[in-house]
Amino acid sequence: MRKVKISALGCYTPERVLTNFELEKLVATSNEWILERTGISERHIAGPEMATSDLAFEAARVALAQRGIDASELDAILVSTVTPDMMFPSTACLVQNRLGARKAWGFDLVAACSGFVYGLTTGAHLVGGGTHQKVLVIGADTMSRIIDYTDRGTCILFGDGAGAMLLEPLAETDDANAGFLDFLGEIDGSGGDSLYMPAGGSRLPASAETVRDRKHYVHQDGAQVFKYAVRKMYEICQNLLARNGLTAKDVGVMIPHQANRRIIIATAERLGIDCEKVVINIERYGNTTAGTIPLAARDALQSGRLKKGDLVLFAAVGAGYTVGAALWRWAM
Ligand code: COA
């Protein structure tokens with residue numbers, strides 16, 4: 001496999017910000033409780049005119065502009081999402097059309113909060129295999145569309161957002177050790193009913209009853225998901241580091257999925273990764289599902305915490321359950 005690098009990064013969050021104080025008016029909660037139990041202070045919410053493909057398109061535009069290329073150069077577009085504009089066509093097709101990416105093929109990938117890590121790895125293999133030169137991997141979700149704003153256990157957690165990373169072969173001028181290094185994934189469908197949206201698919205198609213029974217919203221056993229996330233995020237990272245002959249000390253920057261600040265801190269502490277090396281921006285965005293990792297990478301780049309040559313550990317746990325971790329050496 002040839003070496004693959006992340007050559008551009010673009011993100012988008014809608015303008016409207018929903019604060020904890022506004023949520024206090026919707027459900028029995030408080031700013032203090034949300035901050036203490038989750039680390040979230042505010043999240044962005046898409047206006048009624050926007051859908052997931054619009055967020056994805058905006059993030060893609062930023063990434064392409066950063067690299068200075070036209071969308072017609074893309075060979076493939078992968079969109080990780082659990083909130084597509086509609087069941088079909090795929091969000092990838094909608095984004096391809098809006099971008100004018102004439103020669104790109106692509107598809108949507110459903111892995112919830114692990115979606116971006118899965119997409120990045122799939123894209124890395126397309127480029128690494130030698131058949132693709134430029135693959136755009138997007139993580140985009142409009143969670144506000146499937147959140148029940150009368151359920152205090154879920155409505156406080158999620159926000160809307162998108163991020164895109166461009167993948168290309170490593171150039172001769174790049175450090176030969178940079179780019180994609182390794183990935184470990186795991187799925188465990190036995191946990192499917194701990195976090196899911198019951199209706200709207202072929203099992204329970206939309207009907208007056210499913211709407212009445214609020215089955216088109218996220219249903220979650222928060223405590224169960226929390227315990228699973230803390231255990232599996234640690235395990236997958238530990239196994240990935242070990243099989244590469246690395247330890248926590250070698251990690252330059254950890255960019256975890258942002259589901260809950262306490263999950264991230266507990267994982268980092270168990271791994272023995274210094275908290276200064278762990279990127280946390282959940283305070284301003286909440287959990288944007290497939291959008292969290294590129295949003296966190298963007299913030300880390302902008303603040304100077306993520307630099308060329310850093311060994312980056314991406315990690316996520318999500319509905320499914322899905323679990324994934326990846327090691328990259330940053331090349332930008
Ligand atoms: N405001 C105030 N109280 C709340 C609340 C809220 N928004 N949500 C729940 N509570 C209450 C509960 O009803 C419960 O009250 P009770 O003891 O009277 O029954 C109490 O707080 C403790 O509930 P618990 O569920 O144990 O809280 P928690 O500390 O586990 O926090 C979550 C709840 C949802 C924040 C937490 O479980 C979590 O983050 N889970 C993982 C969710 C996740 O990451 N999902 C996405 C995966 S990618």
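Descriptive notes on the structure:
- Close amide H partners of Ser7, meaning residues 5 or more places away or on another chain with modelled amide H under 5 Å apart, are Leu166, Leu167, Glu168.
- Note that the range 120-129 has calculated 3J(HN,Hα) couplings of 4, 5, 4, x, 4, 6, 5, 6, x, x Hz, one per residue in order, obtained from phi through the Karplus relation 6.51 cos²θ - 1.76 cosθ + 1.60 (θ = phi - 60°); glycine and proline are x.
- Amide H contacts under 5 Å for His219, placed H, 5+ residues apart: Tyr196, Met197
- With the simple spin-label model, which puts each label point 7 Å out from Cα in the Cβ direction, the Ser30 to Arg243 separation comes to 4.6 nm.
- 28 Å Cα-Cα threshold exceeded, pairs from Lys3/Lys249; Lys103/Lys215; Lys5/Lys227; Lys5/Lys103; Lys5/Lys249: Lys103/Lys215; Lys5/Lys227
- Solvent exposure, largest accessible area first (probe 1.4 Å, DNA, RNA and ligands not counted), of His125, His132: His125, His132
- The alpha carbon convex hull volume per residue for the range 266-316 rounds to 93 Å³.
- Reported to the nearest whole Å, the Cα centre-to-centre distance from the range 271-297 to the range 116-136 is 23.
- Phe314, Phe88, Phe183, ranked by accessible area, largest first (probe 1.4 Å): Phe88, Phe183, Phe314
- The phi-based Karplus calculation (6.51 cos²θ - 1.76 cosθ + 1.60; θ = phi - 60°) puts the 3J(HN,Hα) values of the range 32-43 at 4, 4, 5, 4, 5, 7, 10, x, 8, 10, 7, 8 Hz, whole numbers, x for Gly and Pro.
- Karplus-derived 3J(HN,Hα), 6.51/-1.76/1.60, for each residue of the range 138-144, Hz, glycine and proline x: 10, x, 8, 8, 10, 5, 4
- At a probe radius of 1.4 angstrom, the accessible area of the chain per residue rounds to 42 square angstrom.
- Under 5 Å between amide hydrogens, built in the peptide plane, is the criterion, and for Thr142 it picks out Thr83 among residues at least 5 positions away or on other chains.
- log10 of Debye I(q)/I(0), alpha-carbon scatterers only, for the range 4-169 at 0.13 Å⁻¹: -0.62
- In the chain, one over the average inverse separation of all distinct C-alpha pairs is 19.7 Å, which is the Kirkwood hydrodynamic radius.
- Gain on full stretching of the segment that runs from Glu49 to Ala208 - 0.36 nm per residue minus C-alpha separation: 54.8 nm
- Theoretical FRET efficiency, 1/(1+(r/R0)^6), r = Cβ-Cβ of His216 and Thr173, R0 51 Å, to 0.05: 0.50
The values are calculated or read from the model by the stated rules, or taken from the named source; none is laboratory data. This structure is a prediction, so every number in the text was calculated from the model and none was measured. Methodologically, a virtual Cβ is constructed for each residue, glycine included, from the backbone with ideal geometry; neighbour enumeration extends over all protein chains shown. Heavy atoms of the whole protein, side chains included, go into the accessibility calculation; ligands, DNA and RNA do not. Shrake-Rupley method; radii C 1.70, N 1.55, O 1.52, S 1.80 Å.
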